[in-house]
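The values are calculated or read from the model by the stated rules, or taken from the named source; none is laboratory data. All values reported here derive from a predicted model rather than from experimental measurement. Glycine also receives a Cβ, built like all others from the backbone with ideal geometry; neighbour counts cover every protein chain displayed.
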Amino acid sequence: MIGLSLAYLRDRALNTALNIILLALGVASLVILLLFSAQLEDRFDRDAQGIDMVVGAKGSPLQLILSSVYHVDIPTGNVPLGTVDLLRRQLGVAEAIPLALGDNFRGYRIVGTEPAYPALLGATLADGRMYQQKMEAVIGAEVAAGTGAGLGQRFIGGHGLSSSENGPKHNEAPFMVVGRLKPTGTVIDRLILTRIDSVWAVHGIEAPHEHEDGEHDHDHDAKGEEHEHEDHDHAALPAGHEGETAEEHAAHLRPAEVTAVLVRFNSPIAAVRLPGFINRQTDLQSAVPAVEISRLLALVGVGLDAVRAFAVLLMITAGLSIFVALLTALKEREGDMAMLRVIGASRAAIIGQVASEGLILAAAGTALGLALGHGVIALAAANFRQLQQLGLDGFSVHPGEALIAGAALAIGLIAALIPAFRVLKSDIAETLANAR
Amino acid sequence: MPIPESGAFSEPSQGPLVEARGLSHERDGRRVMHIGDWHLAAGAHALLLGPSGSGKTTFINIVTGLLTPSHGSIRIAGQEMSALPPAGRDALRRQTIGLVFQTLRLIPALSVTANLALAQKLALGRVDTAEIERLIGRVGLAHRAQARPRQLSQGEGQRAAIARALVTRPRLVVADEPTSALDDRNAAAMIDLMFEAADTTGATLLVATHDGRIAPRFANRLDLVAPAAGVAS
Ligand SMILES: Nc1ncnc2c1ncn2[C@@H]1O[C@H](COP(=O)(O)OP(=O)(O)OP(=O)(O)O)[C@@H](O)[C@H]1O
Ligand SMILES: [Mg+2]
């Protein structure tokens with residue numbers, strides 16, 4: 001009977017193809033939405049793991065989170081290095097990790113931080129060692145793959161947070177790769193990690209004191225240090241570089257400043273008390289990744305909901321189209337069906353045959369839709385770096401796809417069964433007489 | 001003429017293949033068919049002859065279990081068709097009767113061979129490729145075996161339909177007006193074919209027609225008369 005279903009489908013190939021494509025488009029849209037939002041959320045969660053609060057300069061809290069947790073936006077500004085110790089002294093703070101941003105190498109951000117940062121995101125070394133000296137760097141897996149940099153490789157950072165052809169280069173201060181991280185599936189794969197004073201050095205700022213492990217005094221005696229290179233002199237030219245936007249300039253580090261501090265709590269009381277305290281009592285701003293991201297997703301979610309509704313509509317349209325196609329086909333085939341009954345097909349067999357026709361249509365549409373959805377995501381990730389950086393991956397499968405596939409198959413089945421039962425209710429003898 | 005084994009329903013059938021007792025049918029209080037007592041012995045090919053509206057199709061629908069007679073009973077291969085539940089009628093029909101319709105009754109989406117294979121699968125639960133090939137050759141369609149029904153000529157289509165009715169090796173082959181649309185020569189050829197094909201599979205023919213041309217070919221005749229009056233036999 002499956003063979004018969006296939007024969008009927010082949011007999012009206014154009015109609016069959018159109019219905020399959022229609023359903024596939026609906027399925028694909030839903031799959032794309034599902035993968036997109038699920039992978040985005042997953043990525044957001046993974047990058048923010050263990051980070052309970054971020055402290056940075058006043059500004060948009062979302063921007064602070066995006067720039068310091070996800071490394072996608074520009075920072076809100078800088079905060080004094082002393083903030084780190086101030087936070088570490090607070091009750092309930094388990095960890096406070098400073099980040100100093102400002103430069104990039106071929107679009108990969110150079111982040112001055114402490115080894116606690118890769119540890120927080122669960123990154124371990126693939127080879128080499130953790131940076132110890134100034135200007136030593138450890139690179140993420142994607143950086144290693146993207147630049148082909150090996151151990152001992154020297155490179156020079158470009159100014160700004162994203163690569164640009166004509167951006168100024170810090171020619172005098174080469175970094176050296178001393179270690180490479182294993183892939184983590186987090187943002188750290190795309191980062192170049194180094195000591196904070198390396199970032200300062202690139203910007204012509206001397207560290208307050210030379211410490212081995214990145215602990216710093218907070219008397220700001222580095223102010224007014226001499227600047228070693230002409231094309232990049234913040235103190236003398238506070239207005240910034242040519243070709244820089246004002247916003248980019250705001251990200252420039254001044255002496256003994258960091259861009260943001262990532263904080264992990266070990267007491268729920270701190271989680272309740274500290275963010276509000278910082279926002280009210282200091283010049284600093286605190287932001288909670290979970291809050292900002294859920295706010296962002298809620299915002300994006302409204303748009304996604306509209307697209308989702310459209311995709312559902314598309315699937316229902318496909319269902320109706322299959323329904324109409326089968327209804328007309330079965331009407332033409334009433335004589336065939338009566339004859340099938342006469343030559344020995346049971347009622348169940350007839351229903352099974354029609355149902356399998358709807359199911360085959362639905363299954364083909366579903367399979368095509370799933371392939372199309374994954375293909376579009378994979379293609380988008382391959383062609384748009386930002387999407388890839390957001391963690392889009394066309395080859396990972398989401399359990400929700402089973403639900404979409406189930407819904408599509410159910411639509412095909414229902415669309416087939418209604419006309420099938422209609423036909424079965426008719427009197428075989430009469431149908432045969434009429435079809436004559 | 002030996003009666004071959006036919007599926008699971010090979011009850012010893014010493015009795016007639018078709019046996020009508022006091023059979024008549026009323027529709028809306030009007031008698032549309034009256035047979036009374038009649039029987040068809042295995043091998044005694046019978047012609048059901050009567051003018052249009054005399055109840056030939058009605059009788060065939062009763063024989064095949066598609067219609068329940070208002071009066072009397074009908075037994076097929078010893079089983080009372082009219083007393084069986086729908087599933088039982090389906091089974092009895094499937095295992096005992098092959099039908100040839102007046103018009104082309106093949107699945108248009110399937111080739112001739114596939115139509116025969118489907119009929120076998122439905123009736124017997126298995127496909128006997130050798131038997132299909134033999135029958136297609138027997139009705140002279142070997143060169144058209146893979147053609148679609150709509151690509152066949154009228155005569156080729158009817159031969160294919162006969163092959164389809166016989167491929168399940170039914171004991172009874174019922175044909176409703178198989179020749180009414182054909183010219184003399186083709187009508188004669190059709191009847192020849194049905195006799196020959198039925199003899200090779202051991203089937204018994206019951207052919208309903210108002211076509212007087214083929215009447216002389218049958219020794220066993222059941223005449224129906226148009227309603228209003230009339231008892232036949
Ligand atoms: N569905 C029906 N409802 C009412 N009356 C019917 C129905 N089917 C057949 N009849 C009547 O029953 C009578 C016998 O019809 P039947 O089809 O058996 O005749 P027939 O001998 O096969 O005729 P023909 O040679 O034209 O095919 C006719 O008078 C017809 O009008
Ligand atoms: Mg008739």
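Could you grab me the full set of residues in region A:35-56 that are outside any helix (DSSP H, G or I) and surrounded by fewer than 20 Cβ atoms within 10 Å (Cβ to Cβ)? Lay out the reasoning, then the answer.
Here is the first cut: in region A:35-56, the ones outside any helix (DSSP H, G or I) are A:48-56.
Answer for region A:35-56, where residues must be outside any helix (DSSP H, G or I) and surrounded by fewer than 20 Cβ atoms within 10 Å (Cβ to Cβ): A:GLN49, A:GLY50.
Quick check on this structure: which one of A:GLN63, A:GLN39 is closer than 26 Å to A:ALA407 by Cβ, more than 14 Å from chain B (Cβ to nearest Cβ) and in contact with an Asp or Glu (Cβ under 8 Å, 6 or more places away or on another chain)?
Values: A:GLN63 fails: closer than 26 Å to A:ALA407 by Cβ.
Of A:GLN63, A:GLN39, the one residue that is closer than 26 Å to A:ALA407 by Cβ, more than 14 Å from chain B (Cβ to nearest Cβ) and in contact with an Asp or Glu (Cβ under 8 Å, 6 or more places away or on another chain) is A:GLN39.
Scan (1) under 18 Å from B:PRO170 (Cβ atoms); (2) more than 16 Å from ligand 1 (Cβ to nearest atom); (3) touching a Pro at 6+ places or on another chain (Cβ under 7 Å) for the single condition B:VAL127 breaks and write down its number.
Going through (1) under 18 Å from B:PRO170 (Cβ atoms); (2) more than 16 Å from ligand 1 (Cβ to nearest atom); (3) touching a Pro at 6+ places or on another chain (Cβ under 7 Å) one by one, B:VAL127 breaks only (3).
Condition check ((1) within 14 Å of chain B (Cβ to nearest Cβ); (2) within 26 Å of B:LEU106 (Cα to Cα); (3) surrounded by 13 or more Cβ atoms within 10 Å (Cβ to Cβ); (4) away from ligand 2 (no atom under 16 Å from the Cβ)) across all residues:
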{"site": "A:GLU401", "(1), (2), (3), (4)": "no, no, yes, yes"}
{"site": "A:ALA405", "(1), (2), (3), (4)": "no, no, yes, yes"}
{"site": "A:LEU417", "(1), (2), (3), (4)": "no, yes, yes, yes"}
{"site": "A:THR431", "(1), (2), (3), (4)": "yes, yes, yes, no"}
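Return yes when B:ILE191 is within 27 Å of B:ALA20 (Cα to Cα), away from chain A (no Cβ under 14 Å), within 15 Å of ligand 1 (Cβ to nearest atom) and crowded, with 17+ Cβ neighbours inside 10 Å and no when it is not. Spell out how you get there, then give the answer.
Numbers: within 27 Å of B:ALA20 (Cα to Cα): yes; away from chain A (no Cβ under 14 Å): yes; within 15 Å of ligand 1 (Cβ to nearest atom): no; crowded, with 17+ Cβ neighbours inside 10 Å: yes.
No.
List every residue pair whose Cβ atoms sit under 6 Å apart, with the two residues 6 or more apart in sequence or on different chains, where the first one lies in region A:339-352 and is under 19 Å from B:THR103 (Cα atoms) and the second, anywhere, is among the charged types (D, E, K, R) and part of a loop (DSSP other than H, G, I, E, B).
As it stands, the answer is A:MET339/B:ARG105, since those pairs meet every condition given.
Residue by residue through region A:145-159, note down the ones that are under 23 Å from A:ALA201 (Cβ atoms) and part of a helix (DSSP H, G or I).
A:THR147
Residue check, B:GLY202 against (1) more than 16 Å from ligand 2 (Cβ to nearest atom); (2) on the phi < 0 side of the Ramachandran plot, all met but one. Which one?
Here B:GLY202 meets the rest and fails (2).
Taking the conditions exactly as written (touching a residue at least 12 places away in the same chain (Cβ under 8 Å), within 16 Å of ligand 2 (Cβ to nearest atom) and either outside any loop (DSSP other than H, G, I, E, B) or aliphatic (A, V, I, L, M) (or both)), does B:LEU99 satisfy them or not?
Values: touching a residue at least 12 places away in the same chain (Cβ under 8 Å): yes; within 16 Å of ligand 2 (Cβ to nearest atom): yes; either outside any loop (DSSP other than H, G, I, E, B) or aliphatic (A, V, I, L, M) (or both): yes.
Against the criterion (touching a residue at least 12 places away in the same chain (Cβ under 8 Å), within 16 Å of ligand 2 (Cβ to nearest atom) and either outside any loop (DSSP other than H, G, I, E, B) or aliphatic (A, V, I, L, M) (or both)), B:LEU99 qualifies.
May I ask you to list the residues in region B:205-231 that are more than 16 Å from ligand 2 (Cβ to nearest atom), hydrophobic (A, V, I, L, M, F, W, C) and at pLDDT below 80? Give the steps one after another, and end with the answer.
Filtering region B:205-231 for residues more than 16 Å from ligand 2 (Cβ to nearest atom) gives B:205, B:213, B:215-221, B:228-231.
From what's left, hydrophobic (A, V, I, L, M, F, W, C): B:205, B:215, B:218-219, B:228-229, B:231.
Once the filter is applied, which keeps residues that are more than 16 Å from ligand 2 (Cβ to nearest atom), hydrophobic (A, V, I, L, M, F, W, C) and at pLDDT below 80, region B:205-231 yields B:ALA228, B:ALA229, B:VAL231.
Of the residues B:ALA163, B:ALA142, which single one is buried (at least 19 other Cβ atoms within 10 Å of the Cβ) and among the small types (Gly, Ala, Ser)?
Numbers: B:ALA142 fails: buried (at least 19 other Cβ atoms within 10 Å of the Cβ).
Of B:ALA163, B:ALA142, the one residue that is buried (at least 19 other Cβ atoms within 10 Å of the Cβ) and among the small types (Gly, Ala, Ser) is B:ALA163.
Quick check: anything in region B:197-210 hydroxyl-bearing (Ser, Thr, Tyr), touching a strand residue (DSSP E or B) at 6+ places or on another chain (Cβ under 9 Å) and either within 12 Å of ligand 1 (Cβ to nearest atom) or within 25 Å of A:LEU432 (Cα to Cα) (or both)? Give the steps one after another, and end with the answer.
Residues of region B:197-210 that are hydroxyl-bearing (Ser, Thr, Tyr), as a first pass: B:200-201, B:204, B:209.
With the extra rule that they be touching a strand residue (DSSP E or B) at 6+ places or on another chain (Cβ under 9 Å), the set shrinks to B:201, B:204, B:209.
From what is left, the residues that are either within 12 Å of ligand 1 (Cβ to nearest atom) or within 25 Å of A:LEU432 (Cα to Cα) (or both) are B:204, B:209.
Yes: region B:197-210 contains one or more residues that are hydroxyl-bearing (Ser, Thr, Tyr), touching a strand residue (DSSP E or B) at 6+ places or on another chain (Cβ under 9 Å) and either within 12 Å of ligand 1 (Cβ to nearest atom) or within 25 Å of A:LEU432 (Cα to Cα) (or both).
Can you spot a residue in region B:178-189 that is modelled with pLDDT under 90, in a loop (DSSP other than H, G, I, E, B), among the hydroxyl-bearing types (Ser, Thr, Tyr) and in contact with a His (Cβ under 8 Å, 6 or more places away or on another chain)? Don't jump to the end; show me each part of the working.
Residues of region B:178-189 modelled with pLDDT under 90: B:178-189.
When the remaining residues are screened for being in a loop (DSSP other than H, G, I, E, B), the result is B:178-183.
Next cut, among the hydroxyl-bearing types (Ser, Thr, Tyr) only: B:179-180.
Then keep just the ones that are in contact with a His (Cβ under 8 Å, 6 or more places away or on another chain); that gives B:180.
Yes, some residue in region B:178-189 is modelled with pLDDT under 90, in a loop (DSSP other than H, G, I, E, B), among the hydroxyl-bearing types (Ser, Thr, Tyr) and in contact with a His (Cβ under 8 Å, 6 or more places away or on another chain).
Restricting the search to region B:25-54, which residues are away from ligand 2 (no atom under 16 Å from the Cβ), more than 12 Å from B:ASP223 (Cα to Cα) and surrounded by 20 or more Cβ atoms within 10 Å (Cβ to Cβ)?
Of everything in region B:25-54, those that are away from ligand 2 (no atom under 16 Å from the Cβ), more than 12 Å from B:ASP223 (Cα to Cα) and surrounded by 20 or more Cβ atoms within 10 Å (Cβ to Cβ) turn out to be B:LEU40, B:HIS45.
Hey, can you tell me all the residues within region B:95-108 that are within 7 Å of chain A (Cβ to nearest Cβ), out of contact with any strand residue (DSSP E or B) (no Cβ under 9 Å at 6 or more places or on another chain) and either farther than 21 Å from B:ARG144 by Cα or surrounded by 22 or more Cβ atoms within 10 Å (Cβ to Cβ) (or both)?
B:ILE107, the sole residue that qualifies.
For B:ILE62, all conditions in the list (1) within 12 Å of another protein chain (Cβ to nearest Cβ); (2) within 13 Å of ligand 1 (Cβ to nearest atom); (3) assigned to a strand (DSSP E or B) hold save one; what is the number of the exception?
Checking B:ILE62 against (1) within 12 Å of another protein chain (Cβ to nearest Cβ); (2) within 13 Å of ligand 1 (Cβ to nearest atom); (3) assigned to a strand (DSSP E or B), the one that fails is (3).
Among the helices (runs of 4 or more DSSP H) contained in region A:318-416, which hold 3 or more residues that are closer than 29 Å to B:ALA91 by Cβ?
Numbers: elements: A:334-342, A:347-383, A:385-389.
Here the list reads A:334-342, A:347-383.
Would you please list the contacts, defined by Cβ atoms under 9 Å and residues six or more apart or on different chains, that run from a residue in region A:1-30 that is within 12 Å of another protein chain (Cβ to nearest Cβ) to a residue that is surrounded by fewer than 15 Cβ atoms within 10 Å (Cβ to Cβ) and in a helix (DSSP H, G or I)?
A:THR16/A:ARG10
List the residue pairs whose Cβ atoms are under 8 Å apart, where the first residue sits in region B:175-187 and is away from every other protein chain (no Cβ under 14 Å), the second is assigned to a loop (DSSP other than H, G, I, E, B) and within 12 Å of ligand 2 (Cβ to nearest atom), and the two are 6 or more positions apart or on different chains.
Going by the 8 Å Cβ cut-off, the qualifying pairs are B:THR179/B:ASP211; B:ALA187/B:ASP211.
Could you tell me how many of the residues in region B:121-130 are more than 7 Å from chain A (Cβ to nearest Cβ) and under 16 Å from the mean Cα position of the chain (by Cα)? Quick ask: steps written out before the conclusion?
Step one: filter region B:121-130 for residues more than 7 Å from chain A (Cβ to nearest Cβ), giving B:121, B:124-130.
With under 16 Å from the mean Cα position of the chain (by Cα) added as a condition, the list becomes none.
So the count comes out to 0.
Go through (1) of a type in the set (Gly, Ala, Ser); (2) closer than 24 Å to A:ASP73 by Cβ; (3) in contact with a strand residue (DSSP E or B) (Cβ under 8 Å, 6 or more places away or on another chain) for A:ALA270 and report which single condition fails.
(2)
Assess whether A:GLY400 counts as being modelled with pLDDT under 85 and more than 16 Å from ligand 1 (Cβ to nearest atom). Explain how you work it out, then say what you get.
Values: modelled with pLDDT under 85: no; more than 16 Å from ligand 1 (Cβ to nearest atom): yes.
For A:GLY400, the condition - modelled with pLDDT under 85 and more than 16 Å from ligand 1 (Cβ to nearest atom) - is not met.
Can you list residue pairs whose Cβ atoms sit under 6 Å apart, with the first residue in region A:306-323 being without any contact (Cβ under 8 Å) to a residue 40 or more places away in the chain and at negative phi and the second being surrounded by 20 or more Cβ atoms within 10 Å (Cβ to Cβ) and assigned to a helix (DSSP H, G or I)? Count only pairs 6 or more apart in sequence or on different chains.
none
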